[in-house]
Structure formats: C-alpha cells, structure tokens
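Colleague: Dumping the structure here so I can ask a few things about it.
The values are calculated or read from the model by the stated rules, or taken from the named source; none is laboratory data. Owing to the predicted nature of the structure, the values given are computational and were not obtained by experimental measurement. Cβ coordinates were reconstructed from backbone atoms using ideal geometry, including for glycine residues, and neighbour counts include every protein chain displayed.
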Amino acid sequence: MSLLVWVIALLALFFIARAWLRHREENESVLSEALAPPHGDTIEELVWPVVGETQLNDDHSSRQEAIAKCREGTHVTIEFVDGGPGGVDSARVTTEHGEIGNLRKDAIEKLHQIKRHHQRVDAYIGDLDGGNEEGRIRSATLVVYVYKD
C-alpha cells in the first residue's frame, strides 16, 4: 500500500513540476514579446533615461500625453541632430505617439562614438514611471541595443 502512495505522490510531483515549467516558459515568452529581442548579435546593451519629458514639443504637443500612450517594450526612434539649436548636438526620442523627450549629453556622446564605429542602435522603452491620479511626472527609460553594421 505504501508503495502505491509513493508512486502517486511522485506522479503528482511530476505533473506539478511540468505545469510550473510551462507557466514559466509562457511568462518568459510574454516578456520577450513585450521587449523585442535584438536582431543579430548585440555588441552592447545600454540603459538611458529620457530627459525633457515635461517640455512641449515644437508643435506644442505634450510629451507627457505621448508617454502616457506608451507601454514598456514600445519601439522608439532616436533622431540624432548635429548642431541643433544654439549649435548644441541633440537627440530626440520619438514613438508612434510622438516625441517623448531627449537624451542626456553622455548618451549623445555615446551616439557619436557608435556612429564613428559604424554601429547602429535599436531602442525600446524599458521602464515607465509616474503619471496616474497622483499627478506625478511621467518618465521613461530606454533599453538601447548596439549592433555592428
């Protein structure tokens, strides 16, 4: 009788472990779909904060409203501008919902370095913060993948 109990217990453990592994694989696939995997071999993975989120865009649209429409994993475009206003280099961060901000000076310097080494970048929103009923400022952080061209 006790052998039968052990066999049943082992079978139950087997099915529980199998269900747990399936659930884990499903969660990992959802995460990989939310933040698209890099295309090819990455040289480097960078995390850059977006700045200037409270400013208005040139067309007077709200960056805060554009960020509110984004989700983690949203693809962004980094538009590098040589000698922008006042001769200062800048980098705009835009999504399908509009411009959400700019990059800091250290990120712009890194973009120069990437450009000199004939590398390309692919960027996504990695983290969103703030907003909602608390009235906090909405902010975003980017995950930037660097590739060799």
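Colleague: Please go through the stretch 108-124 and pick out each residue that is part of a helix (DSSP H, G or I) and without any contact (Cβ under 8 Å) to a residue 60 or more places away in the chain.
Modeller: Selection gives Ile108, Glu109, Leu111, His112, Gln113, Ile114, Lys115, Arg116.
Colleague: Tell me whether the stretch 80-103 contains one or more residues that are among the hydroxyl-bearing types (Ser, Thr, Tyr), surrounded by 17 or more Cβ atoms within 10 Å (Cβ to Cβ), touching a residue at least 24 places away in the same chain (Cβ under 8 Å) and under 16 Å from Tyr145 (Cα atoms).
Modeller: no
Colleague: Starting from the stretch 132-149, take each residue that is surrounded by fewer than 19 Cβ atoms within 10 Å (Cβ to Cβ) and list its partners that are at pLDDT below 85 and assigned to a strand (DSSP E or B), counting only C-beta distances under 7 angstrom and pairs at least six apart or across chains.
Modeller: Every condition considered, the pairs that remain are Tyr147/Thr42; Tyr147/Ile43; Tyr147/Gln119; Tyr147/Arg120; Lys148/Ile43; Lys148/Gln119; Asp149/Gln119; Asp149/Arg120.
Yes or no, residue by residue, for (1) surrounded by fewer than 15 Cβ atoms within 10 Å (Cβ to Cβ); (2) of a type in the set (A, V, I, L, M); (3) modelled with pLDDT of 80 or more; (4) under 17 Å from the mean Cα position of the chain (by Cα):
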| position | (1), (2), (3), (4) |
| --- | --- |
| Leu10 | yes, yes, yes, no |
| Ala19 | yes, yes, yes, no |
| Arg22 | yes, no, no, no |
| Ser32 | yes, no, no, yes |
| Ala36 | yes, yes, no, yes |
| Glu45 | yes, no, yes, yes |
| Trp48 | no, no, yes, yes |
| Glu53 | no, no, yes, yes |
